[in-house]
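First comes the structure, then the notes that go with it.
Here, each number is a calculation from the coordinates, and none is a lab measurement. All values derive from a computational prediction rather than experimental measurement. So basically every Cβ, Gly included, is an ideal-geometry build from the backbone, and we count neighbours across all protein chains shown.
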Ligand SMILES: Cc1cc2nc3c(=O)[nH]c(=O)nc-3n(C[C@H](O)[C@H](O)[C@H](O)COP(=O)(O)OP(=O)(O)OC[C@H]3O[C@@H](n4cnc5c(N)ncnc54)[C@H](O)[C@@H]3O)c2cc1C
Ligand code: SF4
Ligand code: SF4
């Protein structure tokens with residue numbers, strides 16, 4: 001047998017490790033290990049000289065394997081494996097002993113910490129003694145991408161990727177793309193109209209030869225992994241052929257079924273057959289099956305009779321569509337925190353108490369009042385309006401602990417828009433703090449105060465109720481003067497918290513990607529991987545990942561798109577070779593591993609287990625069930641683990 | 001050995017995706033906890049064979065911890081379900097051979113739960129201390 005020659009490199013990490021762990025002693029003790037041919041300590045292993053010294057030592061001392069005792073493998077495993085490759089040995093013969101996060105930083109006693117660092121390092125040395133040289137497995141990549149969610153985030157990501165030449169499938173749950181922006185009137189900080197920002201992009205999506213648009217569709221099943229996902233999508237029937245529909249509105253004119261219009265957040269009504277709004281993409285009417293009197297059997301049939309274009313087809317059925325893609329961007333957006341949960345402000349039952357999106361609709365030229373701000377209750381122009389910030393946000397005891405980030409800005413915008421519509425009106429804003437970080441944001445809020453004479457009151461509103469003369473009495477405090485404040489307002493607008501949309505929760509479950517404590521999609525690293533999910537090949541964009549405004553949403557979407565483009569720029573991806581392998585002589589063909597494998601990666605051939613290299617993710621579930629120790633993950637064999645256990649108990 | 005001087009030795013199998021990352025977070029947040037547990041990073045809690053637990057006890061561990069992702073959050077879809085089912089049997093086995101079943105513990109610690117990881121180790125050490133050293137399975141070394 002050839003003799004093992006491992007090199008051990010113990011890092012001081014400045015004083016981060018050395019302050020608690022006697023690094024010299026660790027290096028000296030490791031030099032005594034039978035398989036160790038070289039051992040040293042150094043102040044910063046990851047620095048340029050540190051890395052060079054690893055390469056030199058490998059060459060000079062003919063090392064065949066390396067252990068670096070330093071920080072978490074999440075930080076520098078890649079770095080040192082690359083060094084190993086550069087010195088001409090396999091990267092997979094390099095292992096990290098985490099003596100910083102899991103040792104130096106969590107213990108104070110120098111003796112104890114040093115002992116533990118020795119055990120951790122020794123365990124890595126024993127493991128590496130059994131490591132084999134491995135080469136990454138090249139897996140062919142499907143060079144197409146999917147975007148889930150067609151708000152501004154999804155639209156931006158899809159366009160960026162398509163314009164770079166990638167084929168993109170854009171999946172949107174509703175009958176049109178656009179998302180919440182289309183409900184907005186003007187947008188801070190420039191007060192440009194939201195439709196003018198978005199409509200051209202929506203048209204570009206619909207005409208783009210590289211984008212396949214699936215609206216009224218939801219992802220139901222995802223299998224495969226980075227580079228090769230297979231996605232099953234359920235497309236609901238719209239009962240209207242989008243190509244043939246002439247947008248004449250004849251059908252809606254005769255439809256007897258009236259339901260609340262979601263686009264106007266219940267401020268108007270629509271028919272069962274409808275177009276969400278004039279600029280919808282795809283440009284077509286949609287028959288809402290739930291609102292319809294009945295299609296099976298046909299209970300009404302009026303719309304079909306009246307449609308001269310012959311666009312309506314009651315025989316459409318749900319379709320399951322399968323798409324193969326290499327990467328997925330999740331951009332499923334937000335919902336407002338439900339007003340029903342805000343008991344102190346009437347739980348949504350007090351007339352003329354609106355949420356922010358409803359107020360946007362009232363200000364919008366395409367809204368229910370054609371841009372004239374009027375009270376929903378009696379259609380009069382409100383002369384006093386109270387805006388309340390932080391409703392549901394920053395309230396860990398009852399609602400959401402987090403700051404929704406955009407409400408200070410949109411409330412200032414609301415106050416300004418209101419004053420532009422009703423110059424003799426009075427606008428009050430109750431706030432806790434004003435958070436207006438962002439280019440030109442603070443100036444925007446100052447203008448709301450100075451130019452538009454909005455009265456800012458620092459304090460919470462404790463409750464509100466309807467008075468006999470049709471006003472909404474708002475009771476709060478101004479903490480700056482210490483006075484109680486009571487305002488009989490004509491209208492109240494609540495800046496409700498943003499929460500992840502229901503569709504975000506659904507998508508996270510289907511894709512098996514994590515969510516944070518508030519339900520937003522979890523990024524792989526809060527600073528360094530803000531658009532990656534923990535799962536390879538799945539990226540995040542927009543408010544599904546956390547509250548943000550349009551500029552930030554667009555930036556994140558473009559970032560996600562560029563990550564996908566980089567990932568799919570090569571014809572193959574490398575798949576970690578640390579996957580399961582079978583010792584044929586030991587395998588009895590009992591199929592225990594076949595049932596245990598979550599990826600269906602094992603099948604029997606001639607009575608022996610065979611692992612599919614591409615499907616296997618190296619989880620090791622098989623090895624833990626095999627009674628004959630016939631199957632194990634490469635470089636984590638049972639022998640190696642037993643050796644590591646022994647090392648962990650060696651002092 | 002008296003209770004004051006006896007320090008339980010623990011082998012802690014931490015899954016790479018959640019619990020190992022959670023213990024890294026404990027480090028980054030400088031949350032202090034006892035040095036009794038030496039970590040072994042494994043791909044998934046589902047890859048921890050009952051043999052490993054017995055092996056640790058045989059090699060002189062006073063306690064064995066297996067920590068994985070929360071049920072439903074497994075990086076490998078369902079590995080931690082397998083872990084839970086399989087390792088439940090380990091407890092019965094330990095009882096059968098006359099070892100306190102509490103010498104073996106499972107916990108679910110996510111990558112965001114640094115404080116929880118520290119708490120898990122602290123509690124385990126506190127619970128092991130009154131039990132004294134584990135001698136039953138420990139191989140008598142020549
Ligand atoms: C009252 C109010 C005023 C605002 N004013 C401004 C402003 O003036 N300026 C500014 O910069 N920002 C403003 N914003 C913020 C802005 O609306 C958001 O930043 C932006 O809409 C986020 O876009 P998004 O694509 O991430 O999410 P969304 O707009 O929510 O889009 C998500 C899309 O995904 C779809 N979807 C959800 N789940 C699924 C699923 N499972 N499958 C398929 N599709 C799915 C949805 O139907 C939707 O079309 C305001 C927000 C509010 C609430
Ligand atoms: S569990 Fe082990 S013995 Fe049984 S089929 Fe799989 S590898 Fe072979
Ligand atoms: S390690 Fe085993 S159980 Fe896990 S994916 Fe590979 S073959 Fe399947």
Can you order the peptides A:125-136, B:44-55 by their average number of other Cβ atoms within 10 Å per residue, highest first? B:44-55, A:125-136
Would you kindly state how much longer the chain becomes between residue A:315 and residue A:221 on full extension, computed as 0.36 nm times their sequence separation minus their alpha carbon distance, in nm to one decimal? 31.3 nm
For B:24-30, mean number of other protein chain Cβ atoms within 10 Å: 6
From other protein chains only, count the Cβ atoms within 10 Å of every residue's Cβ in A:633-646, then give the mean. 4
Distance between the stretch A:337-376 and the stretch A:110-158 - C-alpha centres, whole angstrom: 48 Å
Per GNM of chain B with C-alpha springs under 10 angstrom, the most fluctuating residue out of B:128, B:82, B:57 is B:82
Find how many whole Å separate the alpha carbon centroid of the stretch A:219-266 from the alpha carbon centroid of the stretch A:4-61. 61 Å
One finds, for residue A:299 and residue A:132 with R0 = 60 angstrom and r their Cβ-Cβ distance, a FRET efficiency to the nearest 0.05 of 0.30
Where does each of A:379, A:81 land when they are ranked from fewest to most other beta-carbon atoms within 10 angstrom? A:379, A:81
Pairs of alpha-carbon atoms within less than 8 angstrom and 6+ residues apart define the contacts here; what relative contact order does the stretch A:122-271 have, in percent? 19 percent
I need A:352, A:433 ordered by Cβ neighbour count within 10 Å, fewest first. A:433, A:352
Averaged over the residues of B:57-64, the number of partner chain Cβ atoms within 10 Å of each residue's own Cβ comes to 3
Cα gyration tensor shape of the stretch A:335-499, rounded if a/c is under 1.5, else prolate or oblate by comparing a/b with b/c: rounded
Protection proxy ranking, peptides A:630-638, A:137-145, average beta carbon neighbours within 10 Å, highest first: A:630-638, A:137-145
Would you mind putting A:468-479, A:28-39 in packing order, based on average other-beta-carbon counts within 10 Å, highest first? A:28-39, A:468-479
